[in-house]
Amino acid sequence: MREIFALHDYGMNVDDKILLKIEKTGTFKNTFETGTSKGWVGSTQTQGKIEETHARLSASHKLFGIGDDLANGQLARHQYEKYGSLLDRDIAESMNDHYAAKTYGNVEVRFKKDKVTCTWTAGDSLNCVYQPSLTTDPKAVSFDDMYDRAGGWRKPPISTTEIDKMSKILANNVRGYLELQYHGELTLDCVESVAFPYDLTQKTKYLPLAKRLKARGIKVFYKDINDAIVQL
C-alpha cells in the first residue's frame with residue numbers, strides 16, 4: 001500500500017458547477033456543511049447540531065474515535081472529514097477509466113500530498129467495515145472484511161499485484177474505489193491540478209474558471225476533441 005500511495009494521486013471528483021462554489025469560498029466543504037452529497041444524503045441541514053440519526057455522523061465518530069456521545073460530543077461541522085479517492089497519476093488513463101467515484105463529479109481534483117492529512121479505506125467507509133489508517137502509515141486493518149471471498153475480488157494486494165494502474169488495482173483488489181478521507185482544512189492552496197473531461201476551448205462555459213485557477217498556480221488539464229489530455 002505504501003507503494004500504491006506513492007505511485008498514485010490523492011484526489012476528489014467534483015462537478016464543474018461545484019468547483020465554481022469552491023473557488024468562490026476558497027475551501028472544500030463536507031456534507032454537514034453543504035447538506036448535499038452526490039452519494040447518500042443524510043440531511044439537508046447545515047446549521048446547529050447534526051442530527052444524532054445521521055449515519056455519516058455516527059460513522060465519523062466510530063471510524064476516527066471521536067467518541068460515542070453523538071448528542072454532546074460533536075465537533076463543529078467544518079471539522080469533520082471530507083471524502084475523495086485515490087486517482088491514477090496518468091490523467092489520460094484516469095479520465096478514460098469509468099470507475100465508481102466518477103459518480104461524485106466530472107472534474108478530477110488532485111491535491112498536493114504534503115499539504116493534506118489523509119486516511120484511507122479499501123472502499124466506501126459509511127458502513128464502518130474498515131478501520132481507516134494514515135496513507136503515510138497504511139495498516140492492514142484498512143482492508144478489513146476485504147479478503148478473497150466473493151469470486152476473486154476484494155483481496156488485499158500482495159507482492160505480485162500490478163500496481164502501476166488504478167484500474168488494475170480496483171479490478172483485482174478493491175470494489176468501486178479506494179476511498180480517501182481528508183482531515184483538517186482543505187483549501188484551493190492544497191490543489192495541485194484540476195482536469196476537465198471536455199475541451200475547454202469548445203465548451204467554454206468553464207473556461208474563465210479554468211483560467212482563474214491557472215492564475216492561482218493550479219495546473220489545469222482538459223480533454224480535447226481528439227480525446228488527448230492538454231494542459232491549459
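Using the structure shown, decide if Tyr222 is part of a strand (DSSP E or B), in contact (Cβ under 8 Å) with a residue 24 or more places away in the chain and under 12 Å from Asp16 (Cβ atoms).
So Tyr222 passes the test.
Return yes when Tyr206 is in contact (Cβ under 8 Å) with a residue 24 or more places away in the chain, aromatic (Phe, Trp, Tyr), under 23 Å from Ala100 (Cα atoms) and not in a strand (DSSP E or B) and no when it is not.
Spelling it out, it is not the case that Tyr206 is in contact (Cβ under 8 Å) with a residue 24 or more places away in the chain, aromatic (Phe, Trp, Tyr), under 23 Å from Ala100 (Cα atoms) and not in a strand (DSSP E or B).
Testing Leu87 on (1) closer than 20 Å to Val116 by Cα; (2) among the hydrophobic types (A, V, I, L, M, F, W, C); (3) surrounded by 15 or more Cβ atoms within 10 Å (Cβ to Cβ); (4) out of contact with any His (no Cβ under 8 Å at 6 or more places or on another chain), one condition comes back false. Which one is that?
(4)
Condition check ((1) in a helix (DSSP H, G or I); (2) of a type outside the set (S, T, N, Q); (3) more than 15 Å from the chain's Cα centre (by Cα); (4) crowded, with 18+ Cβ neighbours inside 10 Å) across all residues:
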residue: Pro156; (1), (2), (3), (4): no, yes, yes, no
residue: Asp164; (1), (2), (3), (4): no, yes, yes, no
residue: Gly176; (1), (2), (3), (4): no, yes, no, no
residue: Asp189; (1), (2), (3), (4): yes, yes, yes, no
residue: Ser193; (1), (2), (3), (4): no, no, no, yes
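Tell me whether segment 117-133 contains one or more residues that are within 26 Å of Thr31 (Cα to Cα), touching a His at 6+ places or on another chain (Cβ under 9 Å) and β-branched (Val, Ile, Thr).
To start, the set of residues in segment 117-133 that are within 26 Å of Thr31 (Cα to Cα) comprises 117-133.
Applying the additional criterion that residues be touching a His at 6+ places or on another chain (Cβ under 9 Å) yields 117-119.
Keeping just the survivors that are β-branched (Val, Ile, Thr) gives 117, 119.
Yes, there is a match, as at least one residue in segment 117-133 is within 26 Å of Thr31 (Cα to Cα), touching a His at 6+ places or on another chain (Cβ under 9 Å) and β-branched (Val, Ile, Thr).
Look through segment 195-232, keep the residues that are among the small types (Gly, Ala, Ser) and surrounded by fewer than 19 Cβ atoms within 10 Å (Cβ to Cβ), and return whichever of them is modelled with the lowest pLDDT.
Among those that are among the small types (Gly, Ala, Ser) and surrounded by fewer than 19 Cβ atoms within 10 Å (Cβ to Cβ), it is Ala228.
Could you pull out the residue among Ala55, Ala6, Ala71 that is small (Gly, Ala, Ser) and in contact with a Leu (Cβ under 7 Å, 6 or more places away or on another chain)?
Ala55
The values are calculated or read from the model by the stated rules, or taken from the named source; none is laboratory data. Every value quoted in this text rests on a predicted model; they were computed, and no experiment measured them. Neighbour counts are summed over all protein chains in view; Cβ atoms, including those assigned to glycine, are modelled from backbone coordinates with ideal geometry.
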